[in-house]
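Chemist: Quick one: structure below, then a few questions.
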Amino acid sequence: MKFFRAKAFPSVSRKGWCVLFQHPFQTDKNGQKYPIVKRYLCDEQEEVDVLVEELNELLRIEEYWTSTVKGRAKARYDQRVVNAFYDEVDEPDTPTVNKSPDAYQISLIGEAQSGKTSIVRAVFGIHPAREKFPIRFRKASYDAVYEMTHSAAYEARVSFRSRQEVYENLEKSLIESALVYANGGTDYDLAFALVHGNPELHFEALFGEVPYGPRYFTEQASTAKSTKRVFQYVESIKSIASAVLEESKEVTEDFEQLFLQKAECRQLIETLLTCIERSFKEKCDFTWSYGIDDWPQFAFISTESRAHYFTALHRLTTEAEKADGASCYPLITSIHATIPSVKEQLIVIQDSRRGTSLYDQVKEADHIIYTHDASREIKIDTLKHLIAYGYGNKLQLLFTHAERLQGERYAEERAKKHRLSAAIQGCIQREEQVVATQLSYYLTAADVDLVSNLNRSDEDDHKLSEMVYVNQARTAQTQVGAELNPIYLSILAPPIITQAINHLHSSLPDDSDKTFHEELTSQLATALYYGFVTQPSGWSTSYHSATDRQRTFQAVATSLFSAVQAYVSDEVTSKDMKEWIAVQRTKGEEWGYYVKRFLQTKMNKEFERGLYYVVKHAVESHGGIFIH
């Protein structure tokens with residue numbers, strides 16, 4: 001039987017005491033047993049010994065090693081001990097947009113370095129040089145919401161990655177560097193793999209960089225404090241890797257698992273986590289909220305001083321300390337910033353970059369700004385999907401960095417606009433005709449907006465801000481008038497087809513039904529139809545009125561039913577008529593079993609693929625689009 005014991009130590013982040021122990025019945029995300037967990041226990045030192053003894057008793061008695069007996073444990077042990085043992089860490093939250101009814105929400109979409117940050121600064125009246133906000137880096141990946149209010153306070157809420165997520169990324173970094181060393185790499189190779197091997201972590205920003213040449217990577221030549229820290233980490237990894245190699249004699253498939261199981265490896269990861277916690281503690285301008293694992297969940301600031309607000313956010317998110325480590329920006333998952341309004345119209349800007357789907361980014365937006373560097377090749381896929389989602393009437397194209405278009409033929413702004421319009425038209429012409437019709441309507445109906453010299457002057461920022469407000473009014477006018485409206489069908493065709501077939505298997509009619517074939521077709525067609533038309537993820541055809549819309553829906557439904565009926569008849573029943581007749585003749589309990597087995601055999605991946613084209617043809621027969 002494995003022995004478990006808890007160890008108490010002072011909290012690095014705040015006044016109080018924490019405890020560290022291997023959990024006897026929880027598992028990590030990879031399914032590994034006995035993960036090391038950290039829990040905040042109490043504020044006062046006088047209580048620590050008693051609480052740790054109670055926790056050790058829970059760790060000794062095996063009958064408490066299940067969450068179902070938490071109630072019994074509450075009756076016997078301190079509530080803080082019970083929570084530390086049974087509760088799991090809450091996932092960090094994401095910023096939500098709770099805008100006021102009169103606020104106007106803008107969603108920013110575009111490639112990196114295409115001017116999204118400049119739009120935020122221009123609209124919110126933030127000076128690009130004096131006020132370092134919003135903070136954006138090529139390596140940073142977090143969601144942001146910037147909100148105007150009529151309040152006088154400047155506020156911000158910054159959320160961070162969970163301790164478990166950081167722990168797992170540190171494991172990846174250590175394994176990557178240990179494998180390099182185990183396969184004959186030098187100390188410098190190990191250090192370089194540690195610092196740059198895991199792009200999700202940005203080790204260099206959290207702990208420090210390494211020199212660009214091996215000859216400078218020695219304990220004597222290192223002058224930066226962070227480089228000396230990295231040198232110590234390298235020695236620890238070498239020691240653990242050497243111990244694993246002594247046991248297995250060579251680099252085997254079990255090397256990774258044996259490395260992570262070493263107590264020295266877990267101790268090194270805890271040391272690295274403690275180093276990160278110290279860097280959080282140094283950011284004293286914020287009020288911190290911690291989880292049960294004593295890890296910061298979010299930081300909050302509220303002040304009426306504009307200068308203090310921007311300075312504090314810059315310190316928390318700055319890249320200036322990157323060369324010597326101790327930065328926090330790689331751990332940020334979201335920022336929700338609230339700024340007093342500089343305009344009569346309240347505006348909320350949403351900029352999502354942390355794996356959020358395109359549909360989720362824009363579904364609540366009143367206006368969508370798509371930014372693109374004018375000097376780069378236009379990629380129309382994102383625009384195509386935005387229009388497919390039904391947001392073409394909210395879309396504004398903003399081409400930035402127009403000054404990069406050099407040459408005599410681009411001397412005038414009119415020539416630059418003509419070049420970009422021609423590029424858009426060229427992309428549209430490469431699409432299928434039915435797709436090109438929709439794209440042409442939304443992408444060529446409005447003028448191309450062109451911006452030069454981002455963040456060079458207040459005058460340029462004013463022009464950019466006015467451009468956003470002008471297009472805001474243009475969007476409102478477009479929504480009032482009659483326009484080409486798409487009827488939506490889903491682009492998630494394969495999952496919907498699979499779901500419809502699975503639904504069919506679970507709701508078969510009984511064996512007394514003499515019209516089983518018709519019922520089979522009806523259920524499948526109905527499930528497909530509702531699956532597609534209830535998903536706002538694409539378009540089928542156009543309409544100008546509610547009556548026209550309903551008429552088109554009915555036409556698509558009729559065509560779909562007829563097409564599915566013919567396809568099922570050909571592929572399921574007619575092709576294997578003898579087998580189908582034999583199945584129909586079975587009675588009683590065996591009937592359902594044989595029918596399901598028959599359908600599972602016939603409705604395979606090839607059947608689903610054919611059904612996909614049947615649905616596609618039914619939609620396009622009404623002049624519609626089906627994007628997959």
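The values are calculated or read from the model by the stated rules, or taken from the named source; none is laboratory data. All figures in this text were calculated on a predicted structure; none of them were measured in a lab. Using ideal geometry, Cβ is built from the backbone for each residue, glycine included, and neighbour counts are taken over all protein chains shown. Quick note on the areas: whole protein, heavy atoms, side chains included, nothing else; ligands and nucleic acids left out. Shrake-Rupley method; radii C 1.70, N 1.55, O 1.52, S 1.80 Å.
Chemist: What is the set of long-range amide H partners of residue 18 at a cut-off below 5 Å, with H atoms built 1.01 Å from backbone N?
Modeler: The answer is 9, 11, 41.
Chemist: Compute the distance in nm between two label points, each set 7 Å from the Cα along the Cα-to-Cβ direction, one at residue 281 and one at residue 412.
Modeler: Each label point lies 7 Å from its Cα, and together they span 6.6 nm.
Chemist: Please work out how much length the chain gains when fully extended from residue 271 to residue 579, using 0.36 nm per residue of separation minus the C-alpha to C-alpha distance, in nm with one decimal. Could you put the intermediate results ahead of the total?
Modeler: Details: separation 308, 0.36 × 308 = 110.88 nm, distance 6.70 nm.
Length gained between residue 271 and residue 579: 104.2 nm.
Chemist: Need one value: the accessible area of residue 260 in square angstrom, 1.4 angstrom probe, rounded to the nearest 10.
Modeler: Roughly 40 Å² of residue 260 is accessible to a 1.4 Å probe.
Chemist: Starting at the first residue of the range 555-571, write each ³J(HN,Hα) from the Karplus equation 6.51 cos²θ - 1.76 cosθ + 1.60 with θ = phi - 60°, in whole Hz, x for Gly and Pro.
Modeler: Result, ordered by residue: 5, 5, 4, 5, 5, 5, 5, 5, 5, 5, 4, 5, 5, 5, 4, 6, 8 Hz.
Chemist: In what order, largest first, do 294, 49, 189, 570 sit by accessible area if the probe radius is 1.4 Å? Could the numbers behind the result be given before it?
Modeler: Numbers: 294 0, 49 125, 189 65, 570 90 Å².
Largest to smallest exposure gives the sequence 49, 570, 189, 294.
Chemist: Taking the simple approach of a point 7 Å from Cα along Cα-to-Cβ for both residue 498 and residue 238, what is their distance in nm?
Modeler: 4.9
Chemist: Something else: Students sometimes get this wrong: rank 247, 176 by accessible area, probe 1.4 Å, all chains present, largest first. Could the numbers behind the result be given before it?
Modeler: Working: 247 110, 176 85 Å².
Largest accessible area first, the residues go 247, 176.
Chemist: Quick one: Karplus J couplings for the range 253-270, per residue in order, coefficients 6.51, -1.76, 1.60, θ = phi - 60°, nearest Hz, x for Gly and Pro?
Modeler: 5, 8, 4, 4, 5, 5, 5, 5, 6, 5, 4, 5, 5, 4, 5, 5, 5, 5
Chemist: For the range 163-333, with the dipole built from +1 on Lys and Arg beta-carbon atoms and -1 on Asp and Glu ones, taken about the Cα centre, which of 289, 301, 191 lies farthest toward the positive end?
Modeler: Result: 301.
Chemist: Would you mind working out the magnitude of the charge dipole of the range 6-86 relative to its Cα centre, with +1 at each Lys and Arg C-beta and -1 at each Asp and Glu C-beta, to the nearest 20 Debye?
Modeler: 440
Chemist: On the full set of protein chains, 1.4 Å probe, figure out the accessible area of residue 2 and give it in Å² to the nearest 10.
Modeler: Result for residue 2: roughly 90 Å² accessible.
Chemist: Per residue, what volume in Å³ does the Cα convex hull of the range 1-46 take up? Don't skip to the end; give the middle numbers.
Modeler: Details: hull volume 3.9 nm³, N = 46.
In the range 1-46, the Cα convex hull volume per residue is 84 Å³.
Chemist: Further question on the same structure: For the range 364-398 and the range 1-36, what is the centre-to-centre distance using only Cα atoms, to the nearest Å?
Modeler: 48
Chemist: For the range 163-333, taking Cα atoms only, what is the radius of gyration to one decimal and the Dmax to the nearest whole Å?
Modeler: 17.7, 64
Chemist: Also, quick follow-up: Accessible area, 1.4 Å probe, largest first: how do 371, 186 sort? Let's see the in-between values first.
Modeler: Numbers: 371 0, 186 75 Å².
I get 186, 371, largest accessible area first.
Chemist: Moving on. Please report the equivalent ellipsoid semi-axes of the range 6-86, computed as sqrt(5 x eigenvalue) of the Cα gyration tensor, largest first, in whole Å.
Modeler: Calculated on Cα positions only, the semi-axes equal 21, 17, 10 Å.
Chemist: When you have a sec, figure out the Kirkwood radius of the range 335-415 from all distinct Cα pair distances and drop it here in Å to one decimal?
Modeler: Hydrodynamic radius (Kirkwood, Cα only) of the range 335-415 equals 15.4 Å.
Chemist: Which pairs, out of 33/238; 33/228; 7/281; 7/249; 33/249; 7/172, put more than 24 Å between their alpha-carbon atoms?
Modeler: Violating the 24 Å Cα-Cα cut-off are 33/238; 33/228; 7/249; 33/249; 7/172.
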